[in-house]
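Undergrad: Please find one structure pasted underneath; my questions will follow.
The values are calculated or read from the model by the stated rules, or taken from the named source; none is laboratory data. From a predicted model like this one, the values you see are computed outputs, not experimental measurements. Cβ placement follows ideal geometry from the backbone for every residue including glycine, while neighbour counts extend to all protein chains displayed. Each accessible area value is taken on the protein alone, full model and side chains, heavy atoms only, with ligands, DNA and RNA left out. Shrake-Rupley method; radii C 1.70, N 1.55, O 1.52, S 1.80 Å.
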Amino acid sequence: MSSIFDIISLGMSPDARENQIVACNSFSSEYGLTLTKEQAHDLEISHRQLLSEYNRVEFGTPGTIQVIEGFASSPYLLQEQYADTLEELQEQFYQLRSQAGVDIFDEEIIDGMRLLFDGDAGGATELLAACTLEMVLEAYDTQTGSLEERQREVIPDMTQTTEVPTFLDDVSQVNPKVIEEGLKALDEAAQAPVTSPWDPSEWVDDIMAPGFDGERWEDDYK
């Protein structure tokens, strides 16, 4: 998710961040959703409290802006509850963010939240709040087909399944005579004695060396 506010927010004044929030009306208004200056002020206060609670310092796009961008197009957001819903979604985002490692991007969390919010949660923030980080990331992986999901599809864990491989599922097209001949050949091979391809009686050794007559090696050099 790329933001129009892709800047370093560390050191920005609260007023500047409130102005960023209000500026989000430029695209959220397309969905009938806007925030007043007072609502943006309250949302920023909540934002600062969450950063303090979870001991976070933000670089780049503030989480509040990312939440607005990620959820503005949801059909479950209504103007009457817009500000309150954003505050709840913002709190849930930072709660999940605090549980995720550095290898998890903000976009993955927000996109996963949005998928659950519009899906199983049916627009209910209470139900979304009950979702774990694992559920959020699973929703994201399932929707986007992340590398880990593709690996699980290409290389399934065969220790966890008793399914017969698909290439053995249907033998109706195989000629029964071919199967019978193959089994007979295997049986004959199993009963045949193990023999060597070499016959010792046919071995010929025509290389002979003279017998030892007591001569010493040093006599050769006299």
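Undergrad: What are the residues in the range 66-83 that are under 11 Å from S28 (Cα atoms) and of a type in the set (A, V, I, L, M), if any?
TA: Listed by number, the residues that qualify are I68, A72, L77.
Undergrad: Which residue pairs have Cβ atoms closer than 7 Å, lie 6 or more positions apart in sequence or on different chains, and pair a first residue in the range 71-97 that is free of Cβ contacts under 8 Å to residues at least 40 places away in the same chain with a second residue that is of a type outside the set (A, V, I, L, M)?
TA: L89/F71; L89/T125; F93/G63
Undergrad: Suppose we keep only residues that are within 20 Å of G112 (Cα to Cα) and of a type outside the set (A, V, I, L, M, F, W, C) within the range 67-83. Which one would you say is surrounded by the fewest Cβ atoms within 10 Å (Cβ to Cβ)?
TA: Looking at residues that are within 20 Å of G112 (Cα to Cα) and of a type outside the set (A, V, I, L, M, F, W, C), I get P75.
Undergrad: Restricting attention to the range 68-108, which residues are over 17 Å from M12 (Cβ atoms), of a type in the set (V, I, T) and part of a helix (DSSP H, G or I)?
TA: T85
Undergrad: Sticking with this one: Pull up the range 31-66, narrow it to residues that are assigned to a helix (DSSP H, G or I) and in contact with a Ser or Thr (Cβ under 8 Å, 6 or more places away or on another chain), then point me to the one that is most open to solvent (accessible area, probe 1.4 Å). Reasoning before the result, please.
TA: Step one: list which residues in the range 31-66 are assigned to a helix (DSSP H, G or I), which gives 31, 37-53, 63-66.
This time we only want the ones that are in contact with a Ser or Thr (Cβ under 8 Å, 6 or more places away or on another chain), so: 31, 43-44, 47, 65-66.
Values: Y31: 117, L43: 7, E44: 2, H47: 3, I65: 2, Q66: 11 Å².
Among residues in the range 31-66 that are assigned to a helix (DSSP H, G or I) and in contact with a Ser or Thr (Cβ under 8 Å, 6 or more places away or on another chain), the one most open to solvent (accessible area, probe 1.4 Å) is Y31.
Undergrad: Restricting attention to the range 117-138, which residues are open to solvent by 20 Å² or more (accessible area, probe 1.4 Å) and either in a helix (DSSP H, G or I) or basic (K, R) (or both)? Give the derivation first.
TA: First pass over the range 117-138, keeping only residues open to solvent by 20 Å² or more (accessible area, probe 1.4 Å): 118-120, 122-124, 126-127, 129-132, 134-135, 137-138.
If the condition is that a residue be open to solvent by 20 Å² or more (accessible area, probe 1.4 Å) and either in a helix (DSSP H, G or I) or basic (K, R) (or both), then D118, E126, L127, A129, E134, M135, L137, E138 are the ones that fit.
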